Amino acid sequence: MRKILIVDDEPYILSILDFSLDAEGYAVLQAADGDAALSLAADQQPDLVILDVMMPRLDGFETCRRLKADLRTKDIPVVLLTARNSREDRTRGRDCGADGYITKPFSPQRLVDTVQTFLGVRHG
């Protein structure tokens, strides 16, 4: 079973992500902040990380940068999830090593499609 780490400081968003991904048969790990995400990613080696950008203390850009700098987690794809959709934000996401970008609000189907794309799942 493929593991996906979802990281968001809003419990409501975590529950939507968890429900949508669990329904597709993924094992879902949750973290409410960047520090917890770094620890979980290193310990659990998920197949994909979906990471909110706007979080207190350690934001998503810095969390992504640290994931990509760590030899244990550098090859795990990271998809940023954010309401920030400016060209500067997208550039900043690429610069920190993010592999993809989903903007809020998002549809559960768009989320699942993005996950399947990054995990190489063939669409039926």
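Bear in mind these aren't lab numbers, they're just calculated from the coordinates by the rules spelled out. This one's a predicted model, so the numbers in the text were calculated from it and none came from an experiment. Cβ coordinates were reconstructed from backbone atoms using ideal geometry, including for glycine residues, and neighbour counts include every protein chain displayed.
Assorted remarks:
- Among 98-107, 71-80, the order from most to least packed when residues are scored by Cβ within 10 Å on average: 71-80, 98-107
- Site pair Ile102 and Glu10 shows an inter-label distance of 1.3 nm when each label is modelled 7 Å from Cα along Cα→Cβ.
- Two-site label geometry, Gln116 and Ala23: point separation in nm, points 7 Å out along Cα→Cβ: 1.4
- Short-range pairs are left out: with C-alpha atoms under 8 Å and at least six residues apart, the relative contact order of the range 43-124 is 29 percent.
- Radius of gyration, Dmax [the range 36-89; alpha carbons; angstrom]: 11.1, 33
- Mean projection area, nm², convex hull over Cα of the chain: 7.0
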